[in-house]
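Quick one: the structure is below, questions incoming.
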Amino acid sequence: MTNVLVCIKRVPDSSGEVLLTEDQQGVDGRYVGFTVSNHESCAVELAVRTAEATGGTVTLLTVGPPEAAEQLRDTLALGCQAAVLVEAEPSRLGPADVAREIAHVVREKESAGTTYDLILLGNDAADSGDFQVGIRMAHALGRPVVNGVSTVEVADGNLTARGDGPGGEETYSLPLPAVATVLEGGAEPRYPTLRGRMAAKKVQIETRALSAEPAGANRVRLLLPPPAPSTVEVLGEGTEAAAAVANLFEKLGVTR
């Protein structure tokens, strides 16, 4: 039996126009819908498959605003059994804060008798793209971690994860308990069934407060530099330009 914890995040739905706040530091949520990223949808699918194959369970966890309960409900309908919401204002959190909160929940659950054999996350968040939470959290828990995988399998106390590498497909074997971050493409996410939606409505979402004050996102405002000035030189027209083009090629070193 494999118990899986999947970490998801409430992110803007990028299928529509996304507008930034006046300080350019966040998304103006008044004009967009919210969802979970494609990476995380695939992570959920892999988690449900793993639990079904081993007779285990899938628990969801998110660190975010109270409204993130909507994404938890939607994802519960896919075949997950439990959900935890750590309430926090996302703009106050950096990846180190999120990783710390996930690790804190895992430790407390273990102390209460619930162990997660496998923790799955999206390879990176669709909004911030920081690529850090999985590694930081695994380090805090002292668990092995593999990043950017497309499929996972659990057997005989080990995790086999596969993903694309520079030389083709790469295969990793890690002892459980382990952590993996998932890229989209390795599993086709399922659609919720009516039965799944009805079951999701009955699940009591566990709500928690932050375990510590955030260290801060340390966000930096990024601005595009002004375009570099450019000049255009007309070498000539028709055959009259041939000699000038040849001289230019010679100057550039592209001819001998």
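Can you find a residue in the stretch 77-86 that is touching a Ser or Thr at 6+ places or on another chain (Cβ under 6 Å), outside any strand (DSSP E or B), open to solvent by 10 Å² or more (accessible area, probe 1.4 Å) and at pLDDT 95 or above?
Within the stretch 77-86, one or more residues are touching a Ser or Thr at 6+ places or on another chain (Cβ under 6 Å), outside any strand (DSSP E or B), open to solvent by 10 Å² or more (accessible area, probe 1.4 Å) and at pLDDT 95 or above.
Given the structure, is E153 more than 26 Å from E67 (Cα to Cα), charged (D, E, K, R), touching a strand residue (DSSP E or B) at 6+ places or on another chain (Cβ under 7 Å) and in contact (Cβ under 8 Å) with a residue 40 or more places away in the chain?
For E153, the condition - more than 26 Å from E67 (Cα to Cα), charged (D, E, K, R), touching a strand residue (DSSP E or B) at 6+ places or on another chain (Cβ under 7 Å) and in contact (Cβ under 8 Å) with a residue 40 or more places away in the chain - is met.
Within the stretch 87-101, how many residues are in contact (Cβ under 8 Å) with a residue 60 or more places away in the chain, part of a helix (DSSP H, G or I) and open to solvent by less than 30 Å² (accessible area, probe 1.4 Å)?
The qualifying residues number 2.
For the list (1) closer than 17 Å to V58 by Cβ; (2) open to solvent by 70 Å² or more (accessible area, probe 1.4 Å); (3) not in a helix (DSSP H, G or I), I need the number of the one condition that L159 fails.
Failing condition for L159: (2).
OK, next. Among the residues of the stretch 33-55, count how many are assigned to a loop (DSSP other than H, G, I, E, B) and either polar (S, T, N, Q) or over 20 Å from L159 (Cα atoms) (or both).
So the count comes out to 3.
Which of the residues spanning the stretch 199-256 are within 30 Å of L72 (Cα to Cα), at pLDDT 80 or above and either of a type in the set (V, I, T) or open to solvent by 100 Å² or more (accessible area, probe 1.4 Å) (or both)?
Correct list: K201, K202, V203, Q204, I205, T207, E213.
Return the residues of the stretch 102-150 that are assigned to a loop (DSSP other than H, G, I, E, B), of a type in the set (A, V, I, L, M) and either under 15 Å from the mean Cα position of the chain (by Cα) or surrounded by 20 or more Cβ atoms within 10 Å (Cβ to Cβ) (or both); say none if nothing qualifies.
Passing the criteria: A125, A126.
Which is β-branched (V, I, T), closer than 18 Å to T50 by Cα and free of Cβ contacts under 8 Å to residues at least 12 places away in the same chain, of T171, T160?
Within the list T171, T160, the selection yields T171.
Return the residue satisfying two criteria in turn: it lies in the stretch 28-55 and is touching a helix residue (DSSP H, G or I) at 6+ places or on another chain (Cβ under 9 Å) and open to solvent by 20 Å² or more (accessible area, probe 1.4 Å), and of such residues it is modelled with the highest pLDDT.
S41
Please specify each residue of the stretch 56-67 satisfying the condition of being touching a helix residue (DSSP H, G or I) at 6+ places or on another chain (Cβ under 9 Å) and not in a loop (DSSP other than H, G, I, E, B).
Once the filter is applied, which keeps residues that are touching a helix residue (DSSP H, G or I) at 6+ places or on another chain (Cβ under 9 Å) and not in a loop (DSSP other than H, G, I, E, B), the stretch 56-67 yields T57, V58, T59, L60, L61, T62, V63, G64, E67.
Which number in (1) without any contact (Cβ under 8 Å) to a residue 60 or more places away in the chain; (2) under 16 Å from V6 (Cα atoms) marks the one condition that H139 misses?
With respect to (1) without any contact (Cβ under 8 Å) to a residue 60 or more places away in the chain; (2) under 16 Å from V6 (Cα atoms), H139 is out only on (2).
Still on this structure: Among all residue pairs at least 6 apart or on different chains, which show Cβ distances below 9 Å where the first residue, located in the stretch 182-198, is more than 22 Å from T160 (Cβ to Cβ) and the second is in a helix (DSSP H, G or I) and basic (K, R)?
Hits for this filter: R197/R73.
The values are calculated or read from the model by the stated rules, or taken from the named source; none is laboratory data. This one's a predicted model, so the numbers in the text were calculated from it and none came from an experiment. Here Cβ is always computed from backbone atoms with ideal geometry, including for glycine, and neighbour counts include all displayed protein chains. All accessible areas refer to the heavy atoms of the entire protein, side chains included, with ligands and DNA or RNA removed. Shrake-Rupley method; radii C 1.70, N 1.55, O 1.52, S 1.80 Å.
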